[in-house]
Amino acid sequence: MSSTDGRSDGGAGGVPPEQLALIRESVRKAKAPRAKPRTWRGAALAKERPVARVLVDKGVLHLDRYFDYAVPEELDADAQPGVRVRVRFGAGRHRVREGRREGGGLIDGFLVERLAESDYSGPLAALAQVVSPEPVLSEELLGLARAVADRYAGSLADVLQLAVPPRNARAEGKPSPAPLPVPGAPEAGSWERYARGAAFLESLAAGGAPRAVWNALPGPAWAEELARAVAATLASGRGALVVVPDGRAVSRVDAALTSLLEQGRHAVLTAEAGPEKRYRQWLAVRRGSVRAVVGTRAAMFAPVRNLGLVAIWDDGDDSHSELHAPQPHAREVLLLRAAHDKCAFLLGSWSCTVEAAQLVESGWAAPLVAGREQVRAAAPLVRTVSDGDLARDEAARAARLPTLAWQVVREGLRHGPVLVQVPRRGYVPRMACAQCRAPARCRHCAGPLEGQDAGGLRCGWCGRDEGAWHCPECGGFRLRAQVVGARRTAEELGRAFPAVPVRTSGREQVLDTVPGAPALVVSTPGAEPVAEGGYAAALLLDGWAMLGRPDLRAGEDALRRWIGAAALVRKQEAGGTVVAVAEPTLRPVQALVRWDPVGHAVRELAERAELGFPPVSRMAAVSGTAEALAGFFAAVELPGDAEVLGPVPLPVTDAGRPRRTGAPPVGERWERALIRVPPGSGASLASALKAAQAARMAQGGNDVVRVRIDPPDIG
């Protein structure tokens, strides 16, 4: 270390110069007098606790800390912990130095606490405004947000943007209704179908905190069963929180709660409600007027008082993963809440993720499953047809349906609607050679060729039309669809069954329900409507397209989507049949036939443990240009047991942008590296990555590096 006159600052008594400098700095701070809080305005300060500790709404890592401000006497009454405030924050600084007023605009923030004195000896800038005296940030919510930020290497301000909805003055000015009295404990109902299901409800009603992974039986009863778990928790005088993937699932749980309990006992938190209604419902929860919440992923931070149960349905759905920084997953947030609040935890699904299986295998949660007799009685009959059989079957040329599927559809239409699940929306997204199955590529840019409604071919990357394609591998001229979209499938089925109405449900228009009359319902995965009385049959087409994705979760996701569609079909005793067009020897297909998603998840977990893949290990993805990644890894101090995989070039989508971890500026080629650590080192990895990112931001580097903990797509 060099001194101010340029000479080497030698050590004293063998003390290294770095330590000597630290000792001198600590002595200087100890001798320096601690000044009383004062402002550059000279305004009168609050007589008690004149210092406000504020979290400014700057979602950057190098400013992820609290800042001290002086509390003017005129704001003393309203400036209470938890309220929204506005403070002067410019050029990255908030204090007055050397008696000069520092510039800066006003910025929003949260008042975290009031103190008698500050650890800073200079004058403090004053709070500019208390936006509202409504305390929206409780100590519990602040602790949860900090835990989420630390786990995902993010900033506290970013997490609070997800946790606290924007203020709506009209909703804030209306009083919340008085809380209703505690309801009685509900009957077990269909929970008796599961081993220890009734005991789980009894424990909730008695004030216990059981933790369970629930493999629900097929059918619509899951919403009522969730409602009974909520009612049992309310009967104990505690609150409950339920997070589901989408608005359709929210509507079903909402209807079940309304039917089981009277109006006013639960709040619905979804983006579709609009800002005023949603904020009004959120305030009712925070004020204690309502103690039960059901909503989508944003509800995972709902400030439920005296929380007794957190529940999540279908944790494998992509909708549970937040898109905004730091991109937390609802399951992990609820696990943190269960640990911090010591409340009950319930993870339910028709299928089973590897993360859910790990919770059971580790002993942290108990399984809630039905016996094989109940499973066989509730599930439909599942039959399989391989894609090779589909190609050899002459009867399949009319509508890509083998003879078995044709017969099942024809028989099912006599008794009700038939569901057809296709893995892609649209018309014909991708084409391949009909002889050797090689993908059809553009001659100009090697992009994928797509079939158009008019019958021609067009490149999906450069947009050029292709009129004279031939296969460079075998010389063939015939094409086939790799993955046929929902609209094309609907056209083919309409020609095959001309007297039957055909309806589609997908991205453009998602149907919630369909009547029980005979009809063909073509849907993409996750958009399947519920049929009145259940579907008479279901076809799961192009199974190889979902199983063939180059992704660690391809088999798990395919099985979850298949079971999600098959669970809407009538049970086998009522004639319900499911035909899956997929290779019957594959493990996910066999799990579907046996209706054994738990066994599939347990085997997947064992394989990942052997290979060191998540969730057994913790993993982070770091992406950016080659130069930016090199600089990042040169500065980051990773844990000693960390393993860096890569970097490798990121796959590019049709728009010329990487497919996985965010979209860089057009024209840039990004790379991605994976960092893997064994169990127990996840917190150290997140802390190291966060520190490195904060240092880069403080230095003002222009190269963007994106960090994501627990990336959903690791290839």
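The values are calculated or read from the model by the stated rules, or taken from the named source; none is laboratory data. Keep in mind that what you see is a predicted model, and the values were worked out from it rather than measured. Virtual Cβ from ideal backbone geometry, glycine too; neighbours counted across all protein chains shown. These accessible areas exclude ligands, DNA and RNA; they are computed on the full protein's heavy atoms, side chains included. Shrake-Rupley method; radii C 1.70, N 1.55, O 1.52, S 1.80 Å.
Being assigned by the TED database to the domain that holds Ala688 and of a type in the set (Val, Ile, Thr) is true for just one of Thr577, Thr625. Which residue is that?
Going through Thr577, Thr625 in turn, the sole match is Thr625.
Looking at Leu204 and the list (1) buried (at least 22 other Cβ atoms within 10 Å of the Cβ); (2) under 24 Å from Asp317 (Cα atoms); (3) not basic (Lys, Arg), which single condition is not satisfied?
(2)
Among the residues of the range 586-607, write down those that are over 25 Å from the mean Cα position of the chain (by Cα), part of a helix (DSSP H, G or I) and not aliphatic (A, V, I, L, M).
Result: Arg587, Gln590, Arg594.
Taking the range 321-342, which residues are in a loop (DSSP other than H, G, I, E, B), surrounded by fewer than 23 Cβ atoms within 10 Å (Cβ to Cβ) and touching a strand residue (DSSP E or B) at 6+ places or on another chain (Cβ under 8 Å)?
Correct list: Glu322, Gln327.
Looking only at strands (runs of 3 or more DSSP E) that fall completely inside the range 494-578, which ones have 1 or more residues that are farther than 22 Å from Ala591 by Cα?
By residue number, 502-505, 520-523.
Count, please, the residues in the range 210-224 that happen to be outside any helix (DSSP H, G or I) and surrounded by 16 or more Cβ atoms within 10 Å (Cβ to Cβ).
Going through the range 210-224 one residue at a time, the tally reaches 10.
From the set of residues in the range 547-562 that are among the hydrophobic types (A, V, I, L, M, F, W, C) and either touching a Cys at 6+ places or on another chain (Cβ under 8 Å) or surrounded by fewer than 24 Cβ atoms within 10 Å (Cβ to Cβ) (or both), which is farthest from Val354 (Cα to Cα)?
In this case the residue turns out to be Leu547.
Kindly evaluate Val522 against the criterion of being open to solvent by less than 20 Å² (accessible area, probe 1.4 Å) and over 14 Å from Val382 (Cβ atoms).
Yes.
Where in the range 114-187 are there helices (runs of 4 or more DSSP H), lying fully within it, with 2 or more residues that are touching a Cys at 6+ places or on another chain (Cβ under 9 Å) and open to solvent by less than 20 Å² (accessible area, probe 1.4 Å)?
In the range 114-187, there are no helices (runs of 4 or more DSSP H) which contain 2 or more residues that are touching a Cys at 6+ places or on another chain (Cβ under 9 Å) and open to solvent by less than 20 Å² (accessible area, probe 1.4 Å).
So which residues in the range 698-715 are aliphatic (A, V, I, L, M) and crowded, with 16+ Cβ neighbours inside 10 Å, if there are any at all?
Matches in the range 698-715: Val705, Val707, Ile709, Ile714.
Any residue in the range 225-247 that's open to solvent by 10 Å² or more (accessible area, probe 1.4 Å): show its pairings with residues that are assigned to a helix (DSSP H, G or I) and acidic (Asp, Glu) at Cβ separation under 7 Å, as long as the two are six or more apart or on different chains.
Cβ pairs passing all conditions: Gly247/Glu272.
Does the range 131-161 hold any residues that are under 17 Å from Val54 (Cβ atoms) and of a type in the set (D, E, K, R), and which are they?
Answer for the range 131-161, where residues must be under 17 Å from Val54 (Cβ atoms) and of a type in the set (D, E, K, R): Glu134, Glu139, Arg146, Asp158.
Can you say whether Gly264 is crowded, with 24+ Cβ neighbours inside 10 Å and either touching a residue at least 60 places away in the same chain (Cβ under 8 Å) or not aromatic (Phe, Trp, Tyr) (or both), as far as the supplied structure shows?
Spelling it out, it is not the case that Gly264 is crowded, with 24+ Cβ neighbours inside 10 Å and either touching a residue at least 60 places away in the same chain (Cβ under 8 Å) or not aromatic (Phe, Trp, Tyr) (or both).
Filter the range 47-62 down to the residues that are basic (Lys, Arg) and in a loop (DSSP other than H, G, I, E, B), then identify the one that is nearest to Lys690 (Cα to Cα).
Of everything passing the filter in the range 47-62, Lys58 is nearest to Lys690 (Cα to Cα).
Could you count how many residues in the range 605-654 are more than 14 Å from Val707 (Cβ to Cβ) and open to solvent by less than 30 Å² (accessible area, probe 1.4 Å)?
Residues in the range 605-654 being more than 14 Å from Val707 (Cβ to Cβ) and open to solvent by less than 30 Å² (accessible area, probe 1.4 Å): 9 in total.
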